[in-house]
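*Asks:* What follows is a structure written as structure tokens; I'll ask about it next.
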Amino acid sequence: MKYVLLTLISAMLLSVSWPTYGVPFFIFFALVPLLIMEHGVSKFSDYSRKSWVVFGLSYLCFVIWNVVTTGWLYGSKNPDGSHSMMAVVFPVLVNSFLYSLVFQCYHWYKNAQGTYWGLGFLIAIWMSFEKFHLGWELTWPWLNLGNVFSDYPKLIQWYDTLGATGGSFWILLINVLIFYTIRIWEAGRKRKELIKNTSIVAALIIIPMIISVVKYNNFDEKPIGSVNVLMLQPDLDPYAEKYTQDSLTIENDLLSLAERNSKTKIDYYIAPETALPGRGSISETAFEKSVILNNLKGFLAQHPGSVFATGISSHRFFTNEKNLPKEAYQIHTGLWVESFNSAVQVIPNQKVEVYHKGKLVPGVEIFPYMNYLKPLLGDAMINLGGTVASLGTDKERVAFSNPFNKGKIAPIICYESIYGEFTGDYVKKGANFLAIMTNDSWWGVTEGHKQLLSYAKLRAIETRREIARAANSGISAHINAKGEIMEDTFYGDKTTLFSKVNLYEGMTFYTRSGDLLSRFSVFALGFLLFYFLIRWFQRKTKKA
């Protein structure tokens, strides 16, 4: 019962730390009860299958954490209007299993190599897992530990150096040191050691925060200019309106919204993810002939010097089976199509620029590892009004230049805003502000859209770029380069948000180096595994 209680305490601490409703300071010792549980089961219990007990209890902890923090996924709906259980059950169970597997590897390594080596291994493998979770096709980094301080930007200004993954390392290190301090005290009851270790832990918590506050108060980056941005929030119900209304009706409403609120010179009109065309998609081979896109050019002709950036659904046709993209699927004999979640920049008398979303939502926009799983699962994708086949992607980020001013936007599409190093690639392409086009309406009035907005603050700090965020139903927002929300809208309003967005040049250390601590952790993990194999081989040789 004691071990179950410790597990539940860790689950509670992890859960109540999370944005946008929690207190993040609990995260510094949230894993400690779980570490005490593992140590107790391994060293002092009489269970016959201790590894199974550790795995089962850690899985319970991580399931509770995932349910409390991401249970809003239940707001997703099936085509028939019912809530999608699969949308919450699959990510919760799989993500919890992966975290438990990480903890189980720590348990095995610690028992083989001892507590101190094991604790180092825990940091290395957890960090490596978070890095892995950012890159594979089942990517779901929503609960990466460094995200936990997203609502407290003043305390994490140093993320411009080490990023949110640096925050994960910070949190893991402190949890490990607190557990180590408890173990040293239990082993020797030496007050001097307790004071020393406690002081180290306190310093490691406080010093980064002090550095952050100093950086915050002394932020003096000089912008190279500013642009007037109007973010459009059409508030289209993604289930009842977005894919059922006529495309021209949707566009006319969007342009009417823009026109009514163009009370001053607008440099950028920014509309949400897949704001156009509604039902269907736009052929990329006929962009210049598209009625939808030419209507945007007609609107801009009445607003000289303005550009229009919006999310669209687009596609390309193929008539030759040779060299087909792996995401293309057959719709008729001799005809294949590849679909995209795209962002376009429209300027009168110029070709439409397009970018294809590079980070896709597993199960919604991508069938993970299709070649292996589709023969087993068929079309068992979560259909949220979109495609049931994988979308195409761009392999590199792009930045859209503005011919009328110094603006160069990063066309970040929804889910992409969770990824720090990935977002930095836009800045490397020259982007001097970030435009997030998103549709958070799938989950209704839940924590989902609030958390996604909160994570955007991390990207602002990491890159030192201001953000103009246009959301379908809200929350649309202007975030400054220190991660503070300057203006925002209410969720569920059909409205616009006008902001003067500053443009910044230069790259932060994090933008240049990316997830440096994650890569170091992968190297450390390899070293620790190699060291284990060497020791194991030496023991075998000695016995022989």
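The values are calculated or read from the model by the stated rules, or taken from the named source; none is laboratory data. All values reported here derive from a predicted model rather than from experimental measurement. Ideal geometry is used to build each Cβ from the backbone, glycine not excepted, and the neighbour counts take in all protein chains shown. The protein model used for the area step is the full one, side chains on, heavy atoms only, and it has no ligands, DNA or RNA in it. Shrake-Rupley method; radii C 1.70, N 1.55, O 1.52, S 1.80 Å.
*Asks:* For residues that are of a type outside the set (Phe, Trp, Tyr), outside any loop (DSSP other than H, G, I, E, B) and within 20 Å of the chain's Cα centre (by Cα), scanning just segment 489-520, find the one that is surrounded by the fewest Cβ atoms within 10 Å (Cβ to Cβ).
*Replies:* 512
*Asks:* Take segment 129-148 and flag every residue that is out of contact with any helix residue (DSSP H, G or I) (no Cβ under 6 Å at 6 or more places or on another chain) and among the acidic types (Asp, Glu).
*Replies:* Across segment 129-148, the qualifying residue is only 137.
*Asks:* Which condition number in (1) within 27 Å of residue 423 (Cα to Cα); (2) out of contact with any helix residue (DSSP H, G or I) (no Cβ under 9 Å at 6 or more places or on another chain); (3) assigned to a helix (DSSP H, G or I) is the one that residue 219 fails?
*Replies:* Exception for residue 219: condition (3).
*Asks:* One residue is enough: does segment 29-39 have a residue meeting the conditions among the charged types (D, E, K, R), more than 28 Å from the chain's Cα centre (by Cα) and open to solvent by 10 Å² or more (accessible area, probe 1.4 Å)?
*Replies:* no
*Asks:* Counting only residues that are farther than 17 Å from residue 234 by Cβ and of a type in the set (Lys, Arg), which one in segment 267-309 is most open to solvent (accessible area, probe 1.4 Å)?
*Replies:* 289
*Asks:* Mind listing whichever residues of segment 179-215 are open to solvent by 40 Å² or more (accessible area, probe 1.4 Å) and under 22 Å from residue 102 (Cβ atoms)?
*Replies:* Across segment 179-215, the qualifying residues are 180, 182, 183.
*Asks:* What number of residues within segment 309-343 satisfy the criterion of being out of contact with any Gly (no Cβ under 8 Å at 6 or more places or on another chain) and assigned to a strand (DSSP E or B)?
*Replies:* Residues that pass the stated criteria total 15.
*Asks:* Taking residue 172, is it touching a residue at least 12 places away in the same chain (Cβ under 8 Å), touching a His at 6+ places or on another chain (Cβ under 8 Å) and in a helix (DSSP H, G or I)?
*Replies:* It is false that residue 172 is touching a residue at least 12 places away in the same chain (Cβ under 8 Å), touching a His at 6+ places or on another chain (Cβ under 8 Å) and in a helix (DSSP H, G or I).
*Asks:* Here's a follow-up. I'd like to verify a number: residues in segment 444-488 that are among the charged types (D, E, K, R) and either surrounded by fewer than 21 Cβ atoms within 10 Å (Cβ to Cβ) or in contact with a Gly (Cβ under 7 Å, 6 or more places away or on another chain) (or both), how many?
*Replies:* Final tally of qualifying residues: 9.
*Asks:* Could you count how many residues in segment 281-300 are touching a residue at least 40 places away in the same chain (Cβ under 8 Å) and either of a type in the set (D, E, K, R) or in a strand (DSSP E or B) (or both)?
*Replies:* Count: 3.
*Asks:* Checking residue 45 against (1) crowded, with 19+ Cβ neighbours inside 10 Å; (2) modelled with pLDDT under 95; (3) under 19 Å from residue 107 (Cβ atoms), only one condition comes out false. Which one?
*Replies:* Tallying (1) crowded, with 19+ Cβ neighbours inside 10 Å; (2) modelled with pLDDT under 95; (3) under 19 Å from residue 107 (Cβ atoms), residue 45 fails exactly one: (1).
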